[in-house]
Every structure is written in structure tokens, then in C-alpha cells.
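Input: a single structure, listed below in C-alpha cells.
The values are calculated or read from the model by the stated rules, or taken from the named source; none is laboratory data. Bear in mind the structure is a predicted one, so any value in this text is a computation, not a measurement. When we count neighbours, we look across all protein chains shown, and the Cβ atoms used for this are built from the backbone with ideal geometry, even at glycine.
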Amino acid sequence: MMLTLELEAQCDEKGKFDEIVEDKGVKILIDPKALMHVIGTEMDFVDDKLRAEFIFINPNSKGQCGCGESFMTTNNSNSAKQGHS
């Protein structure tokens, strides 16, 4: 499974079953297939001397790649699912 973060000024393309999460004026659409893999995830923006980027703290993550862009979760049947933030 691949999860994609797209930043848009306006979000007009809501899928029929997409979940909408809104906080502090930011609206996020979540595909229902991804919901169980990202539920509980916190998103933050880090701006320091080394980087300026969004970071994701995902309690469902069981591992991630070295660059931090891909993560892995497991579902109830213990088969691995791979995502991309």
C-alpha cells in the first residue's frame, strides 16, 4: 500500500468514502484503505538548521526506511503492509 501526502491550497476532490479530518484550519482527506494504517498519526512541521519538513509520528508503524519516507504496519493477520508518507 502506498500512502501519498499531497499539499493543495484547495481540496475539491473528496472520494465517496474518504474520511475528512480538520484541525487548525487544515483539512486532510484519508482514503478508507489507508485509515487503519494512519489512525492516531500525529503530523508536525520541523524547521531547524538541518531541515524544514513535515514529520509523522505513527503509532502503527512497525518499521521504516532509512530516509523516513516509507513505513510498515501489520494488520490483524500479521501480514506486512507498506506505506509511503
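Keeping to region 23-63, report how many residues are surrounded by 10 or more Cβ atoms within 10 Å (Cβ to Cβ) and farther than 28 Å from Thr74 by Cβ.
2
How many residues does region 28-54 contain that are more than 23 Å from Gly15 (Cα to Cα) and in contact with a Ser or Thr (Cβ under 9 Å, 6 or more places away or on another chain)?
Residues of region 28-54 that are more than 23 Å from Gly15 (Cα to Cα), as a first pass: 44-54.
Those still in the list that are in contact with a Ser or Thr (Cβ under 9 Å, 6 or more places away or on another chain) too: 54.
The number of residues fulfilling the criteria is 1.
Only one of (1) out of contact with any Leu (no Cβ under 7 Å at 6 or more places or on another chain); (2) at pLDDT 75 or above is not met by Val38, so which one is it?
The failed condition is (1).
Among (1) within 14 Å of the chain's Cα centre (by Cα); (2) modelled with pLDDT under 85, there is one condition Cys11 misses while meeting the rest; what is its number?
It fails just one condition, (1).
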